[in-house]
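Structure below; questions to follow.
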Amino acid sequence: MIKCNNTYYGSLTRIADLKTRPFTIEKAPRSIWATGDYIVGYVTGGEANLELSDGSIQPLKLNDLVVGALGDRAATYEIVGSWQLIDEASQPVEMDMICGSGIFGIETSRCSKHPPSPKFIYEGHCLRLDKKVCMKDFGPKEKPREMPHCKIILLVGSSMSSGKTFTGRSIIDIVKNDLGVKRVAAAKFTGAGYNQDCLQFSEAGADFVCDFVDVGCPSTAMPADEYRESVLPAILTLLAEQDADVIVGEVGASPFEKYNGVE
């Protein structure tokens, strides 16, 4: 292993115990790679800022080690890319960090106003007892599906930075402090794994906040059927368990971003 400056854990690790329980780092055959696998890479170039599990931003330096996850992104306003384009035949195995939450893949396109994705070298998968450590290991176990039975305020935006989270914060504040609603839950149904929006909902007064990361997904850039059949029901079940009086939900992306929020 190359001598690294520091080790940082991207915000996609916020559901896992990787910081508190030991694991090994070993290269895995490409045939067993999958979305949500926790992997490790080190910085080889480009400007890099990593969102940590507490939502703070950590500037990265050359040879810093990052624990993140394989995933896809379809943010046309920033970066589009996929882990499935990582070429194992190249030695060393090169990859990009296509989202500051710690999603690893290969950048396929980007907005002209956005800097290129930082470059990384694949160091290996996170393993325990010779088995991959994956995001889904820390998601909810199989359980009967439930639907929330309360009022739901759903915020739909047509693009990134359209004001969905700002509006959600304001609504949570009004519902809690002005209307006196006892228990408010909030959810981010679509996106690419950043924790900032969820933290903002919590700061605004939400008693419970969740997103797709909590059910084991790095992003919602996935086939629509998969999202509707497994991811969305899992999020709704988490919300139903909270016995909230009101739920504030955020969903949406531009028509060109396949995040399954608006079609």
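Please report, as a whole percent, how much of the solvent-accessible surface of the range 177-254 comes from carbon and sulfur atoms (probe radius 1.4 Å). Write down the numbers at each step before the final one.
On the way: 1240 of 2770 Å².
Percent of accessible area from carbon and sulfur atoms in the range 177-254: 45.
Mind ordering 238-245, 211-218, 66-73 by average Cβ neighbours within 10 Å, highest first?
Working: 238-245: 18.4, 211-218: 25.0, 66-73: 26.8.
Put in order of decreasing packing, that is 66-73, 211-218, 238-245.
Can you give me the % of accessible surface on the range 1-158 that is carbon or sulfur? Probe 1.4 Å, all protein chains present, nothing else counted.
Carbon with sulfur: 53 percent of the solvent-accessible area.
Over 25 Å between Cα atoms, which of LYS141/LYS188; LYS19/LYS131; LYS132/LYS164; LYS61/LYS131; LYS119/LYS164; LYS27/LYS113 qualify?
Those over the limit are LYS132/LYS164; LYS61/LYS131; LYS119/LYS164; LYS27/LYS113.
For all pairs of alpha-carbon atoms in the chain, what percent lies in each bin of width 10 Å, listed from the first bin to the last filled one?
Values per bin, smallest distances first: 7, 30, 35, 20, 6, 1.
Shifting gears a bit: P(r) for the range 8-79: what percent of alpha-carbon pairs falls in each 5 Å bin, starting at zero?
It works out to 3, 13, 22, 25, 23, 10, 3, 0, in whole percents.
Cα gyration tensor of the range 152-195, axes a ≥ b ≥ c as square roots of the eigenvalues: rounded (a/c below 1.5), prolate (a/b > b/c) or oblate?
Prolate, since a/c reaches 1.5 and a/b exceeds b/c.
Something else: Over the chain, give the accessible area per residue in Å² for a 1.4 Å probe, as an integer.
The answer is 48 Å² per residue.
Dipole size in debye (nearest 20) for the chain around its Cα centre, Lys and Arg Cβ +1, Asp and Glu Cβ -1?
Computed about the Cα centre, the dipole is about 240 debye.
Among 111-122, 144-155, what's the highest-first ranking by average C-beta atoms within 10 angstrom per residue? Present the calculation step by step, with values, prior to reporting the outcome.
Details: 111-122: 15.8, 144-155: 13.2.
The peptides rank, most packed first, as 111-122, 144-155.
Compute the whole-percent fraction of alpha carbon pairs in the range 144-229 spaced more than 18 Å apart.
Details: 1729 of 3655 pairs.
Tail fraction, whole percent: 47.
Given q = 0.10, 0.12, 0.13, 0.22 Å⁻¹, what are the Debye log10 I(q)/I(0) values for the range 24-133, with equal point scatterers placed on the Cα positions and solvent ignored?
Scattering profile of the range 24-133, log10 relative to I(0): -0.26, -0.37, -0.44, -1.25.
The values are calculated or read from the model by the stated rules, or taken from the named source; none is laboratory data. Predicted model, so just to flag it, every value in this text is computed and none were measured. Backbone-built Cβ (ideal geometry, glycine too); neighbour counts: all protein chains shown. Note: areas computed on protein heavy atoms with side chains; ligands, DNA, RNA excluded. Shrake-Rupley method; radii C 1.70, N 1.55, O 1.52, S 1.80 Å.
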